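Asker: Shown below is the structure under consideration.
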Amino acid sequence: MKPQSKEEKVHQVFEKIYDNYDQMNSIISFQKHKKWRQDVMRRMQVNKGERALDVCCGTGDWTFALAEQVGRSGEVIGLDFSKNMLSVAKQRNQKGELPQIDFVHGNAMDLPFEDNYFDYVTIGFGLRNVPDYLRTLEEMYRVVKPGGKVICLETSQPTIPVYRQLYYFYFKNIMPLFGKVFAKSYQEYVWLHESAKDFPGKEELKKLFEKAGLSNIKIKSYTGGVAAMHMGGEKIVNSKGD
């Protein structure tokens, strides 16, 4: 039997865990992920009437937060490749209380949007799950406007020795047990440990941002380095027009 590609494996994982995804995020991060995102939003300084794209939006937490900030005069698109995850996101807005939101089924490595369209492009706890980190960042860079911002909030690699060991022990041994008990999905949460373990550290990810074309990159670590924000801006447009 042909082994699964990373893309196929990730799709299978999220198609299965979608129903308990929000609850599990709160359990495994001890509710910290909400505070991390709130701090990132404060640093982004989103304005009314602006456009934002939330890549790998999942069930839409960050998408909804962005929609609140841009208001009805703005536009927010949440994109994900898991139809089951998107079904939860759409259900949350079924009454149309936030008409500025649209949810799109698509691939983070091949965004179905024109160049220089969005003021902000975000990805929250999704970059580690794509097969090609750089390709995804390049696509995010392509669709953001000159002067816009590309923002990633993601698990990271703690550097404090003892804390680092405890973090890896938790991700490897405790988190999958939480998945088994609360979501009946042990193997899927083992996979999430693998994707977090292999994800680049802060400086490596900064280099990928730069390689994608972004500059003026700001980094903020959270909770001892278990998560980090990378925010890049100052998109350079060729003055020769070619």
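Asker: Which is surrounded by fewer than 23 Cβ atoms within 10 Å (Cβ to Cβ), touching a helix residue (DSSP H, G or I) at 6+ places or on another chain (Cβ under 9 Å) and at pLDDT 95 or above, of Phe118, Phe64?
Answerer: None of the others qualify; the one that does is Phe64.
Asker: Could you tell me whether any residue of the range 81-100 is of a type outside the set (Lys, Arg), assigned to a strand (DSSP E or B) and surrounded by 17 or more Cβ atoms within 10 Å (Cβ to Cβ)?
Answerer: No - not one qualifying residue is present in the range 81-100.
Asker: From the list Leu177, Leu208, Leu166, pick out the single residue that is part of a helix (DSSP H, G or I) and at pLDDT 85 or above.
Answerer: After applying the criteria, what remains is Leu208.
Asker: Would you pick out the residues in the range 46-91 that are among the acidic types (Asp, Glu) and either over 16 Å from Ile151 (Cα atoms) or within 13 Å of the chain's Cα centre (by Cα) (or both)?
Answerer: Residues satisfying the conditions are Asp54, Asp61, Glu68, Glu75, Asp80.
Asker: Quick one: which residue in Val104, Val76 is part of a strand (DSSP E or B) and crowded, with 18+ Cβ neighbours inside 10 Å?
Answerer: Val76
Asker: Still on this structure, please answer the following. Which residue, of Val150, Val143, is aliphatic (A, V, I, L, M), within 22 Å of Asp39 (Cα to Cα) and open to solvent by less than 20 Å² (accessible area, probe 1.4 Å)?
Answerer: Going through Val150, Val143 in turn, just one is aliphatic (A, V, I, L, M), within 22 Å of Asp39 (Cα to Cα) and open to solvent by less than 20 Å² (accessible area, probe 1.4 Å): Val150.
Asker: Right, another one. Scan the range 123-139 and give yes if some residue there is assigned to a strand (DSSP E or B), closer than 25 Å to Asn47 by Cβ and in contact with a strand residue (DSSP E or B) (Cβ under 9 Å, 6 or more places away or on another chain), otherwise no.
Answerer: Yes.
Asker: Let me ask something else. Determine whether the range 191-202 contains at least one residue that is open to solvent by 30 Å² or more (accessible area, probe 1.4 Å), modelled with pLDDT of 85 or more, touching a strand residue (DSSP E or B) at 6+ places or on another chain (Cβ under 7 Å) and assigned to a strand (DSSP E or B).
Answerer: The answer is no; no qualifying residue exists.
Asker: Given the condition more than 13 Å from the chain's Cα centre (by Cα) and over 29 Å from Gly225 (Cα atoms), answer yes or no: does some residue in the range 155-168 qualify?
Answerer: No, the conditions are met nowhere in the range 155-168.
The values are calculated or read from the model by the stated rules, or taken from the named source; none is laboratory data. Source: prediction; values computed, not measured. Heads up, the Cβs are rebuilt from the backbone with ideal geometry, glycines too, and the neighbour counts pull from every protein chain shown. Ligands, DNA and RNA are excluded from the accessible area calculation, which covers all protein heavy atoms including side chains. Shrake-Rupley method; radii C 1.70, N 1.55, O 1.52, S 1.80 Å.
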